[in-house]
Ligand SMILES: C[S@@+](CC[C@H](N)C(=O)[O-])C[C@H]1O[C@@H](n2cnc3c(N)ncnc32)[C@H](O)[C@@H]1O
């Protein structure tokens, strides 16, 4: 199925290829996917593995996934879904007031609406903890009225909210780890994601025996970090980057690194540079 949300840095376009890799690993006993940095979770939604763990530090995101998992009749019927700037700003205000008052039942629906109608599906909170992304002004945003397929899929998901370091990964899962990029836009969370966090993340991954796929920007320090930990490091050309300057013509090189996966399985992946 298509990912539920628009998400900055989403990996929808490599999802099918990673799905083929997942199938090869299934023959070796792998029976699920873990995404410690789920975001739009495009790999999991497209591949639809039999078991899935989705973790993210943004609580309105994991609350939405949890609500759809728990509620077989989740819908947008309790909110006004008109796609106008005026209505968007009203909904944003209700969402923020609900957080302050602790009455957040409608917030999953409001978060979904704002993801689809707000600017590029971005998530940003100001110092007061208020969601402050502006209206996207899209002609025809997708606003689903039937979430039952997502409910069916998310029923088999374990959804957690927190830092990746707290996540207990299932032994039989492939890990697809897609953290905020080095040198890139790290505005997903208040604390950002500096090089210290990048290093902690790489070491955290390397402490697992699971088959691991991780992506990042191919900066020299990231490439050497993953190489030093024994990962097989490859590059590919990004289709787009949220940090790339408009019309700069700059091709952003991305890194994709593998651990505990046979070279013959990596070789079959089509979008790699070498
Ligand atoms: C590049 S996005 C993931 C995109 C996803 N692969 C997709 O296809 O939509 C990175 C995600 O990491 C989350 N994140 C940032 N810091 C985190 C942390 N310390 N622990 C867990 N998640 C974090 C962000 O909220 C964001 O959703």
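All of the numbers you see were taken from the coordinates with simple rules; none came from a lab. None of these values were measured; they are calculated from a predicted model.
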Report task. Per DSSP H run of n ≥ 4, the term is -39500 (n - 2.57); total these for the chain, divide by its residue number, and report the mean residue ellipticity at 222 nm rounded to 500 deg cm²/dmol. Result -> -10000 deg cm²/dmol
Report task. With springs connecting C-alpha atoms under 10 Å apart, model the chain as a Gaussian network and identify which of 110, 128, 18 has the largest mean-square fluctuation. Result -> 128
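Of all DSSP beta bridges in the chain, what percent run antiparallel (nearest 5)?
50
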Query raised in the report: Once you have the alpha carbon radius of gyration of the range 64-137, what is it after dividing by 2.2 N^0.38 Å, with N set to its residue count?
Result: 1.05
Report summary line: Computed on Cα atoms, Rg of the range 36-179 relative to 2.2 N^0.38 Å comes out at 1.06
Query - Using alpha-carbon coordinates, inclination of helix 15-26 to the longest axis of the chain, degrees - result: 60
Query raised in the report: To the nearest 10 degrees, how steeply does helix 107-117 sit against the main Cα axis of the chain, on a 0 to 90 scale?
Result: 80
Report summary line: Helix 85-101 sits off the longest principal axis of the Cα atoms of the chain, rounded to the nearest 10 on a 0 to 90 degree scale, by 80
Requested in this report: Could you give me the radius of gyration and the Dmax of the range 120-169, taking only the C-alpha atoms into account and expressing both in angstrom?
Outcome: 16.0, 42
**Report entry** the range 2-112 - Debye-derived log10 I(q)/I(0), Cα point model, q = 0.12, 0.22 Å⁻¹
**Finding:** -0.52, -1.23
Report task. Can you tell me what the convex hull of the Cα atoms of the chain projects to on average, as an area in nm²? Result -> 14.6
